[in-house]
1. Keeping all protein chains in the complex and leaving out DNA, RNA and ligands, what accessible area do you get for E115 with a 1.4 Å probe, in Å² to the nearest 10?
2. When only the heavy atoms of the protein chains count and the probe is 1.4 Å, how do F358, F563 rank by accessible area, highest first?
3. Round to the nearest 10 and report in Å² the accessible area of Y485, as given by a 1.4 Å probe over the protein chains' heavy atoms.
4. May I ask you to give the solvent-accessible area per residue for the stretch 43-162, in square angstrom, as obtained with a 1.4 angstrom probe?
5. Taking 0.36 nm per intervening residue step and subtracting the Cα-Cα distance, what contour gain separates R219 from F396 on full extension?
6. Ordering V71, V321 by accessible area with a probe of 1.4 Å, largest first, what comes out?
7. Enumerate the calculated ³J(HN,Hα) couplings along the stretch 241-255 in order (Karplus 6.51 cos²θ - 1.76 cosθ + 1.60, θ = phi - 60°), each rounded to whole Hz, writing x wherever the residue is Gly or Pro.
8. So, taking all protein chains as they sit and a 1.4 Å probe, how much accessible area belongs to L133, in Å² rounded to tens?
Amino acid sequence: GTEADNDLYINQAVVFIEDAIQYRSINHRVDSKSLWLYRWYYSRTCQWILSLTITIILALAFTEKPSSLTVTSDVRYRLPAWNPPCGLTESIELLCFLVFMVDVSVKSYLVGWEEFWKNKWLMAYILTLIVSLTDWIVSLSFFCAEDVRIRRILRPFFLLQNSSMMKKTLKSINSTLPEMASVVLLLAVHLSLFTMFAMLLFARTKDGQQDKEWVAYFRNLPDSLTSLLVLLTTANNPDVMIPAYSKNRAYSIFFILFTVLGNLFLMNLLTAIIYNQFRGYLLKSVQSSLFRRRLGIRAAFEVLSSLKETPANAQQSYVSVGALLQVLQKVEMDSRCKQAIMRSLKTWSCDQLSAAQFQKLFEELDKDAIKQHPPSPEYQSRFMQKMQFAFGHPYFGYLGNIVALANIVSICVVLVMDADKQPSERDDFFLGAINCFFIPYYLLEMLLKILAMGLKRYLSYPSNRFDGLLTVILLVLEIATFAVYGFPHPGWRPEFMGLLSLWDMVRLVNMLIVFRFLRIIPNMKFMALVVTTLLDLVKNLRAFAGILVVVFYAFAITGIMLFKGAVIILIFIFLFQTSFYIKKVVVLSFKEKCDFMAAFGHFQAEVIYCLLCLLSVNLICRWAKIYFVAWWLISSVIWVNLFVALLLENFIHKWDRRCHREPLSDIEYQRTVELMFRDVLEEPTEEELMEKLHQHPHLQLCR
């Protein structure tokens, strides 16, 4: 009936607008039951359950055998770790798999059979679940005794497929790889040529005393290549050069040329290429997100124009304001945007909206949120007004910064004076007396600011919340110190009473005081620019952090499977074979790298740490180097450069806005990746939107 059709159109418009808000695809089923299931699936509760499930299955690696539940990782002091019984973590894992099976089933149903075969992520999702469940069954059949668990390496995929931004980022990285490969190939040529030069320069001679460089670093092709690859990371600089330099100073020219060409030119060239190419691909990804938003809004307009109550017009479609208000009541969106749209509707004072007007209304979604701070209290008393002016003035904040700096300087002076003293000789009277002066001042400053600004306005500033929280914590710790140890007096000794010793309490208080000194950052505009750039990256570029977690997790699990038990095997070899040669190797290897005997005074530590060092280089397998080189390439060469590229883009964007568009004091920061590129994005045309809508697999438009 007409009423049922109208309800369906309203619900379709609600879902399309929510898709536009979240940059989701609208290519899903649009019948009544599917719309209800779709909104239920993307509700906060379901998404929270899915996120919790992903967190749990990733966190299982910390409790599974070999367990990480120990205070220290040092094998000399570590107690036996608790390993869960067989079936405990497997049961939790099975529950997670069940949640994922429900997740992939709902997703597959909502997109439809035709779209399912086009969606590679969904097919990979199902394949990952099948492999994981098969490996889970195999694990139980071996009573959890097998060392290789393929499903543990596949777990990061569940995190990857759940984030659309992570998928776009991965696609951008994949598109950037051909350009990066050219520079990596140039690096490989650079390494190969200098490896051959090194083997010719540092060849073995008749005089064994002059062959230290050959013995330590350039004995054969794999060792030579490894030595120069490590030198490219500067990890063995200048150790790799010292034996040759001791023989002849001219040999330093070889290492200087290698470092200059590799580090200063090729590595920085790689950063430039990644910045240029990846920025372009990321821009394309953000452009597609904008297209999805405009498409969702236009789809909502088209279905609302099909309502029976909307008068037909042969020339142009319209949407009634009443229908839009019904939709806005059901849509889950930011209250600020909803109120802004309502205000715009009132100012227009019209009953019907065209497609352009409808689209313009929802451009509010693209705007930055401008936070309005609550007003200061209005005092009637003239005395209170003067106090409000004095303690609300920026100069009062500058005075607080000067006092905080004086506190830091005084702490530094006391720490320098007590640096060489034994704990029994240390007198905490000075630090205690200093805190007795400065902490009450911080409390007084906080109360006066609240008096001048009002509590709501005071708390509306993040710097004030940070400052106030630390002040309250400092006050509580100071009161607890006085309650346990009394007031400071000469001869205040760090005796242990209660939970913490006096020295621990004083140290904790002073660490918080040092941390509190960060309050000066908002008062230094250009330092604030750098900090806000970093905060924007932390807050909004979570997709990059997510992919970094995926890479870390996969390599960590692979490393556990490859090198598990290797140290124990080497210690066994050391104990039951002739120890002279291994002792000699141990001493020589560490004398070439560091004064190991000065660092460790007993032989047990030498055996464990030296064998662990030799494990990654000499004694296990030279093929293990592939694992570490792959990790270096992905983490340091590719990922760090990607992060630098995005850091540069974000910083340059903010710098341009501050220096050329807006005054420093009135700046409003953009907070999303989409808004960061907003000025250079192109709006899709109406023809492109309508063509895409007519290709929708489940939506039949009237025109």
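The values are calculated or read from the model by the stated rules, or taken from the named source; none is laboratory data. None of the values given here were measured: they were computed from a predicted structure. Note: ideal-geometry Cβ built from the backbone for every residue, glycine included; neighbour counts use all protein chains shown. Just the protein is used for accessible areas: all its heavy atoms, side chains included, with ligands, DNA and RNA removed. Shrake-Rupley method; radii C 1.70, N 1.55, O 1.52, S 1.80 Å.
1. The accessible area of E115 comes to roughly 40 Å².
2. On the way: F358 0, F563 50 Å².
Heavy-atom accessible area, descending, gives F563, F358.
3. Around 30 Å² of this residue is reachable by solvent.
4. Roughly 57 Å² per residue, with all protein chains present.
5. Working: separation 177, 0.36 × 177 = 63.72 nm, distance 6.76 nm.
Length difference between fully extended and current span is 57.0 nm.
6. V71, V321
7. Couplings: 8, 4, x, 5, 5, 5, 7, 7, 4, 5, 4, 5, 4, 4, 5 Hz.
8. Surface accessible to solvent at L133 totals approximately 40 Å².
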